Structure formats: structure tokens, C-alpha cells
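Scroll down for the structure; my scribbles are underneath it.
Every number in this text was worked out from the coordinates using simple rules, so none of it is lab data. In this text the structure is predicted, and so the values were computed from the model without any measurement. Positions of Cβ are backbone-derived with ideal geometry, glycine not excepted, and every protein chain shown enters the neighbour counts.
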Amino acid sequence: MELLRVSGLEVSFDTPEGVVKAVNGMDFELSEGETLAIVGESGAGKSQLVMAMMGLLAENGSARGEAEFQGKDLLQMKPKDLNGIRGKHIAMIFQDPMTSLNPYLTIEKQMTEVVMHHQGLRKEEAREHAVEMLRAVRIPDPEERIKQYPHEYSGGMRQRVMIAMGLLCQPDLLIADEPSTALDVTIQAQITQLVGELSRKTNMSVILITHDMAVVAEICDRVIVMYAGEVVESGTAADIFYRPMHPYTKGLLASVPRLDQVFDDKLHAIPGNPPNLLELPEGCRFRDRCEEVMEQCVETPPVWQGDKGRMCRCFLAGGSEE
Amino acid sequence: MSKPVLRVQDLAVTFTSMSGGLLHRQERQIRAVDGISFDLMAGESLGIVGESGSGKSTLARAILGLIKANRGRVMWRGEDLTALEEEAMRQRRKELQIVFQDPVASLNPRMTAGDIIAEPLWTFYPNMDRLQVDERTRGMMKMVGLLPNQINRYPHEFSGGQCQRIGIARSLVLNPRLMICDEPVSALDVSIQAQIINLLKDLQKKLGLALIFIAHDLSVVRHISDRVMVMYMGQAMEVSEKARLYQRPLHPYTSALMKSVPIPDPERARARSHDSWLTGDMPSPYRRPRGCIFHDRCPYRVKRCEADVPALRKMENGDWVACHRGEDIDLSI
Amino acid sequence: MNSEANIRKADLSVEDPFAAAMAEEDIRGRSLWVDAWHRLLKNRAAVVSGIIMAVMVLMVLFGPMLLPWEGDFTDWDNTASPPSLETGHWFGTDAVGRDILVRTLEGGRISLLVGLVATLVSLAIGVSYGAIAGYYGGMTDRVMMRMVDIIYALPFMFFVILLMVVFGRHIVLIFIAIGAVNWLDMARIVRGQTLSLKNTEFVEAARACGVDHHAIIRRHIIPNLLGVVMVYVTLTIPQVILVESFLSFLGLGVQEPMSSWGALVNDGAQDMESAPWTLVFPAAFLTVTLYCFNYIGDGMRDALDPKDRL
């Protein structure tokens, strides 16, 4: 059975300038033990779709569609039930660990609180469990350090604590929203490796949200590429990286500066800027920046097509195959 | 034989922090920049790479006199900037400019794009008439890829990439000779990063600027540098010509940095071996390792590294490295 | 070094889509003030308060001119008479037959004037004092703020009474006395804001561009302070009016025949049981004004939410 099945998910926000559709109808599935990457730039809607699933949307936001987790629709759940799932079955890590951790409580307090609440452990047991978790994420001297406060940890260590907290209740799904973007590249490498390792060990599914294609290549099995609120391509990591179909995906891959290739001259850049969601062009949303744009792209929006697991929203993808 | 247009000599910046309560007042020092020296030729581009805590941003500000240096000299076209009075230094700013990391925060939210770009003109050419200022401003906007009809818009009406372009236009409006870019693309999306890097390269060529490009990512710096300096905890570990650095780095830290850069290629990424990767975090700046500052994390360390501080020395090919085992280890990629 | 010519002649590598757009008209920008204004207009309490205050100002300015008698006219036929339409005294009269309505409106002129002028005084002194202390920092800041602390510690009432005794009960003196105390708060607030603004990246960028100190304060610091200052001003005005009322209550406020709401409340309080209307009307006007300014101040604070500023 699929762990997570999302269909027709739409997320809208009611702003003074009008209704903004941050996510315009998404469908995807996630199996157990699978690592899925949702890739896109700012404004693509990737964070919003996860917020909607977890019931964390802002006041002026609303979601439609279905998000079935272990058979139950998250979007229809009452806050009480959702609370039972959050933390226990689905854990979430955010981009900036400093703002996700309470600066006034020790790490011990924050971690044991979570475990005691969800699993009913006693204080000593919870503490032991927490220390083990810190050890698993390679915090040195966990026995000592657990008594410290967040500000006494470095950025990379705080993010590791966040991961440890997320994993305390052995969730089935870990959602990481840009977990290493704010970190140095050496720490980023460690964190990415850690997430991959833990996922393999415990057969935990992971949804990794990022704009960094390189991080995706390190640990992800499948990839969904988003642009302006829509999914434009989906497939396995190999499909996306070696046989990209959508011009945006191709453009993204080409813009990443790489160490292993020699092109010392100009970096390939996708011209223009992402569209304003309040003033979307007719036809394909990517048309103004697309290098392979055709006449029909300007008038009609392309359809989401392909086989299950390998799909693309582009006129170029229909018919011809690699 | 041309002389360097910028020569930094043993520049050091130390921050002092007070800690402890009323009874245990302790003064602790952080050596943010710990003796950096390098030369830069006219039209040359130097990339400076380092992680957070390496002191690269502090270095940039110290070179420009935005932070006072505790030691060392900054020779700009033969003149020592650190010895100048405030007003004299202010006049030099026409030639020395900087682009900041956060494109939105570096723009005054209450000023229009046109005013932001024109401000340096008002400051140094107060007699320039409005028409000229306007023409020059629009010219700059076109040059950085902005539509001139956006001249009356406010920063919050632009995207991050566009705000960065405004910042670049502002720093170029006085036709400087040196431009320091402090992580100018770190806060931008990948596709916009590529646009801005290309823009900076173009502008550098067109205007013959000396450029210092600061980043935390080796792959970004590669596209825009002639030489690269790698910093760690306030010190320079290596200063090498670009092609040589990326083929065979001289310092273990450089090699570790390169190995940490993720490769956007699933098969190669997973095939990479993870040994001799860096473990742990950077040591606390309050407890600096003795001897070589990198030795506690270095997979190639020997006894000597724990006691002796390696000086930055010049190799035959003109590159510099601060490592006792410089020539011995082959770190070829 | 003809740098300008260099740039004009520079080759423009801009893509085609721009070419057509280049000839277009300049787009009007939407400043943060305009955004804030729109947000303020959506706040019903603030808008209603604004309308009430506007009406109030019109009333106190032009009302007395439309009424048949002046504030010091004593109507001996109708002393201490309750509000009625037949006598023409809609708010009634006081013990000596003066029309309460006119007195209230004329008193309003004084109260609002005090509010405005004293606030302007504290604004002028406080903003420049605070900005200078905050911007230059160091010893300048320490000395200036210690002076503020010292003045703050002086008992206000004592100071005012002293002034009154020495110089007599002049209305200008009241402006000065109140303004002289209020600027202290303004200075502290402005200094705090300046300190945080000083460390923003756009101020650093301005310094890096060689902008001199005066220009930085003028162009970068003060415009970004205005939001906080404006909110504080709308909340200061009611405070000042209240202070004046208090002074009047103590008998230290404006002298007869001029009157203020505070003085009227004082007079009315004495006849509270026999002629309650002499108290009720001025008190009502005073209260409504205070409420309105507070709602407007709150509305402004919400509209100028720091979230979109720094």
C-alpha cells in the first residue's frame, strides 16, 4: 500500500490583491522507505503543499483535494487527530533550526517532552531515548550536551538536534523543508548523508523539499519538479537527471554550477523571472522563459501526461520518447 | 611587470566580547581575520571561499574600511587605506565598491530604485543636474538588465534577483576600480544565481574591474575567478590559480571542501567514497587549536602540525599554501 | 577620467523582449506608506475615529462662530439651567449663566491646541535628540541619555508649579512645560530605533557608497523612523491633553476667561450634584477624543506593521 497518496491538491491564499493559487492541483504517491524530492524555486509552492498536508497553513490559506496518509485523509482531519499524527507518524524539519527550537528550554527538556507526550514514557526512559538519538545523529558527548541550551550549539548541530527530535518517535514519514540550505557545504554534506542513512536503516520515507538539485542527487529515489504552483515533471532520480523532458528541468540542471564538468565560460541561465501568480500568462506558465517554446504553448496549457511514475507537463513530451 | 592595484598585508581584525557575570568579568577575543595577505591586479578576479566563521565577510569589510582593522595594511594604488582619516577614506569610496549578500536588506525600503542608484551620484557629484543624473541612472539600469521604466518602483516590488541587480547598479554608478561581492548569490534561486554570475562576469570584462568574489561554495566561485583563496578560521589556507586548484588542490581543507560539494549526478554522487571527509564542526573560536589551525580535523596531520603554525608559503608555480606537507600529499581530484 | 561617457557608450547586452518594453512609460511605484494607508483604511475603528475627530475639529473651530453667544457671555435669565431647546442653551448653562456648548467648543480649541503644539515641541526636540544620540553612539550617546535620565527623575509637577509661580499662568508656558517633559520619551524611543537602524545592511551600504553622516540620518534613518514616531505621536496627543486637564483640575491650567476641557471638568465637578450637565458634556468630549486618538494610534501601529519594513 502506498504510504501517502495525494490527489488534486490545491492550496489558495486570500490576499488583498486577490486569490493566489499557490498549488494548482497536484497528484503524487509515496511508498514506504522511499525518498522523494520536491524541487522548485521560491514561489513554486513546494512548502505550501506540505504545510497544507500538515494543517499548518496560514489563516488566509485553504486547501482542497485529498492527502491520504496510511489510508486517512489528512485534509479532512480534525486538529486533535492531526496532532496525534504529527510528531508520531509524520515528523517535520524546517529550514532555520534556531527559530524552531525554544531558546529558553534545554535540549533535554524539549526532546523528552516530545517522547513523553507521544509514547507515554517515563522521564528517565525518555531521557535515555533522547541521548541515544543524539548519538545516532553524531552529536559528540550527548550525555553532557543534552543539558545545554540551543544557543550553545552551532548551526549544523542544531539542525542535527532537529533531526533527532523528529526521529524520536520513529515516524513513518520525515518531511524536511530545505534542511541544509542555511548551512555550510561541509555540514550540508553531513546532514544529507545522515538523513539518507537513517532512512535506509529504519525504512522511513522522506520528503525532501529543496531548490538544490545537487542535494537531490545524493539521496533521493524519486523527484517531482514544480514550477509556479504546478508539477511539471516527475520520475526517478535517474530519469530526471539523465533524461529530463521538461525544458525547465533541463534549464535547472544546466544552471547548477558543477565541479565535475569543465565549462569555464558562461553558466547556462534560464532567462527572465518566475511569473507573478496573480497575473499568470495564458497557455503554459513557463512559456516566457522557455527556450523551446512553440506556438501552441502560448495559447493552450499543456496536459499532465505519461505513465505512472514518469510524467511531464509539456507538449514536447507527448509522443516522442527517449 | 605591472604592480598590483590592491595589496593586503597581514590584515587582522579581532573582536572582543565580554562574558561572565559581575564577578567573573572575562574579556574574550575572537580573531575573525588573523593575518591575511594577498595581491590583486587590475582586471583580475579573486575568489575567496570559506565557511561561516572563516572571516571572509569581515575581511571584505576590513579592506573597505567599514570595520576597523587591528593590524596590517591595505594598499590601494600605492596608498595605505588604513592610515587615512575618515573624510579622506570617504572620498576613496568612489573607486571601491561592495555588493552585499542579502539583496533586499541592502536597499532602503523607503527609496525608489532610481534614487537608490542615484544616491552615490548625489553624494559625489552634487552639481550634476537632474537630467544627467536621470540619464545615467537609466543607463545603469539597462546595463544590469533592468527595465528603465521601473525606475520609480520600490524594493519590495522587485524580486530578489532584481534587487540584487539594483544593488549592483548602485555600486557601479561611480565607475569604481574594485568591486567586492560578498556572497552576492547565496540568497538567490539557482536559475537566478546563474544570471547574476554571468552578469558580474560581463560587467567585469566590460569595465575592467578588479573583482573579489566571496562565496561559501567552490563550484560557484569557479566560474568567475582567476585565482581562488581558501579561508579557514580567519587564515588563508591556500591561494592558487583557478585551474590548478580545481585539478590538484594543495591544502587538505580545500580538498575536503571540494569533496563536500554535492554533485548533481545520482550515480556519481552515490559512488563517491566518504572517507577522508571532514568530521565534526569547526572548533569554537574561543578555543583555537594550537599549531596548524586545521590540524584537529585534518586526515593528513603529523606530529609537527600540532605544534608549529605553518606559514603561507609560495610554491614554484606561484601558488601559495599554508601546510607543512604541501608538496608531499597528492590531493588530485 | 570621462567615466560617464564610457558607460553611455557601453554595449548593452539585453535580450529582445526588453527592446519593446524600453520605450514604455515609467511605472508608478507603490511605496510602503501607500500600502500602510490602505491597511489603515480597512481598520473600521480607526476610520470611524478619524471621521469623528475630523468632525470634532470642525466643530471646535467653526462652532462658536455659528452660535449666538460667546463663551464669556453671562445669561442672567438662565443661570444654572439644564439643557433645553427653548432657552437655546442646548447643553445648559453654568452657575453664572455661560452657555456650556460654547464653552465646551472653545475649551476644545485650547485642549486640542495644547495637544498639538506640545506634541510638536516634543517631536522636534525628541526626534533630533534621539537620532543624534543613537547615530553617533559612544560618549555622545552616553552623555545625552544620562541627561535624559536625570531630567526624567525630576518631579514633573514640582517643575510645572515652579514655572507657574515664577512666570505666571501663561498659556504658552503650559505648552512649554508639557512639551519639555514629553520629549524625553520620544527621545528614548527614537534613540532605540536609530540604534537598530544603524546596524541594518542598507545603512552599511550607504556608508560603503561614501554617503556622509548627515545624509544618512536624513535619508535613511529618519524616514524609517517615521512609522514608529507617527504611532507614538497619535498616542502622545491624548496623554498631553490629559496632562493639561490634570493641571487644570489642580487649578494650574489655563486662566479665565480661557477654558479647556480640563478646566471645565474641574468647574463641573464642583456642581456635579446640582447641575450635572456642566460636567457631563465637557467630560464626554474629552473622553471621546481620547478614545479616538487611541484607536487611530492602534490602527496606525497595525498598519505600519514592522513585518514589511526591516
Worksheet item: Given labels modelled 7 Å from the Cα in the Cβ direction, how far is it in nm from residue B:202 to residue A:62?
Response: 4.5
Discussion item. So if I take the alpha carbon set of the protein assembly as shown, get Rg, then get Rh from the Kirkwood formula, what is the Rg over Rh ratio?
Written reply: 1.03
Response to the item:
Between the residues A:312, A:129, A:194, the Cα farthest towards the positive end of the dipole of chain A, that dipole coming from +1 and -1 charges on the beta-carbon of Lys, Arg, Asp and Glu, is from A:129
Worksheet item: Averaged over B:102-108, how many beta carbons belonging to a partner chain fall within 10 Å of each residue's beta carbon?
Response: 5
Practice prompt. About the Cα centre of the protein assembly as shown, how large is the charge dipole given +1 on each Lys and Arg Cβ and -1 on each Asp and Glu Cβ? Please answer in debye to the nearest 20.
Written response: 2920
Worksheet item: Taking the Cα atoms of segment B:208-320, what is the range of coordinates along each of the three principal axes, in descending order and whole Å?
Response: 40, 39, 29
Practice prompt. Would you kindly compute the Cα radius of gyration of segment A:98-170 and its largest Cα-Cα separation (Dmax), both in Å?
Written response: 10.9, 31
Worksheet, complete the sentence: Descending packing, highest mean Cβ count within 10 Å first, for B:313-320, A:21-28 is A:21-28, B:313-320
Discussion item. What does DSSP give for the protein assembly as shown in terms of the percent of beta bridges that are antiparallel, rounded to the nearest 5?
Written reply: 65
Fill in: Separation of the residue C:250 and residue B:241 label points, Cα + 7 Å toward Cβ, nm
8.4
Fill in: Förster radius 41 Å - calculated FRET efficiency between residue B:125 and residue B:314 (Cβ-Cβ, nearest 0.05)
0.45
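Given the peptides C:236-245, B:5-14, arrange them by the average over their residues of other C-beta atoms within 10 Å, most packed first. The partial results should precede the final answer.
On the way: C:236-245: 22.9, B:5-14: 18.8.
Result, highest mean first: C:236-245, B:5-14.
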Worksheet, complete the sentence: Which residues qualify? For residue A:42, with a placed amide H closer than 5 Å and at least 5 residues away or on another chain, they are none
Worksheet item: List the lysines whose alpha-carbon lies under 26 Å from that of residue B:206, not counting same-chain residues fewer than 8 positions away?
Response: A:266, B:3, B:94, B:142, B:242, C:9
Worksheet, complete the sentence: Restricting to Cα pairs under 8 Å and 6 or more apart, the percent relative contact order of segment A:72-154 works out to 34
Worksheet, complete the sentence: In this structure, the FRET efficiency calculated for residue B:41 and residue B:186 from their beta-carbon separation, with R0 = 30 Å, to the nearest 0.05, is 0.70
Worksheet item: Across the residues of A:184-195, average count of Cβ atoms on other protein chains within 10 Å?
Response: 6
Worksheet item: Tell me, what is the percent relative contact order of segment C:132-283, built from C-alpha pairs under 8 Å that lie six or more residues apart?
Response: 20
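Stokes-Einstein D for chain A at 4 °C, 1.567 mPa s, Kirkwood Rh over Cα pairs, in µm²/s? Write down the numbers at each step before the final one.
Working: Rh = 20.9 Å.
The calculation lands on 62 µm²/s.
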Worksheet item: Exposure proxy check: B:179, B:41 ranked by fewest other beta carbons within 10 Å?
Response: B:41, B:179
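Quote the relative contact order of chain C in percent (integer), defining contacts as alpha-carbon pairs under 8 Å separated by 6+ residues.
Values: 362 pairs, mean separation 72.8, N = 310.
About 23 percent, as a whole number.
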Item to complete: Tell me which residues come under 5 Å, amide H to amide H, from residue B:98 once H is placed; ignore anything under 5 positions away on its chain.
Response: B:180
Response to the item:
Projected onto the charge dipole of segment A:72-112 (unit charges on the beta-carbon of Lys, Arg, Asp and Glu, signs +1, +1, -1, -1), the Cα from A:95, A:83, A:107 with the largest positive-side position is that of A:83
Discussion item. Cut-off 20 Å, label point 7 angstrom out along Cα-to-Cβ of residue B:16: give me the residues of segment B:66-98 whose amide nitrogen falls inside.
Written reply: B:66-72
Worksheet entry | Exercise: per-residue mean of other protein chain Cβ atoms within 10 Å, C:281-293 | 0
Worksheet item: Under unit Cβ charges (Lys, Arg +1; Asp, Glu -1), what dipole magnitude, rounded to 20 debye, does segment B:107-175 have relative to its Cα centre?
Response: 140
Response to the item:
The FRET efficiency for residue C:142 and residue A:27, from their Cβ-Cβ distance with R0 = 51 Å and rounded to 0.05, is 0.20
Worksheet, complete the sentence: Ranked on Cβ counts within 10 Å of their own Cβ, fewest leading, B:38, C:281 go B:38, C:281
Fill in: chain B: angle of helix B:130-143 to the longest principal axis, Cα-based, in degrees nearest 10
40
Worksheet item: Out of the DSSP beta bridges found with both residues in chain A, what percent are antiparallel (nearest 5)?
Response: 65
Worksheet item: Considering only the other residues whose Cβ falls under 12 Å of the Cβ of residue B:49, what net charge follows from Lys and Arg at +1 and Asp and Glu at -1?
Response: -1
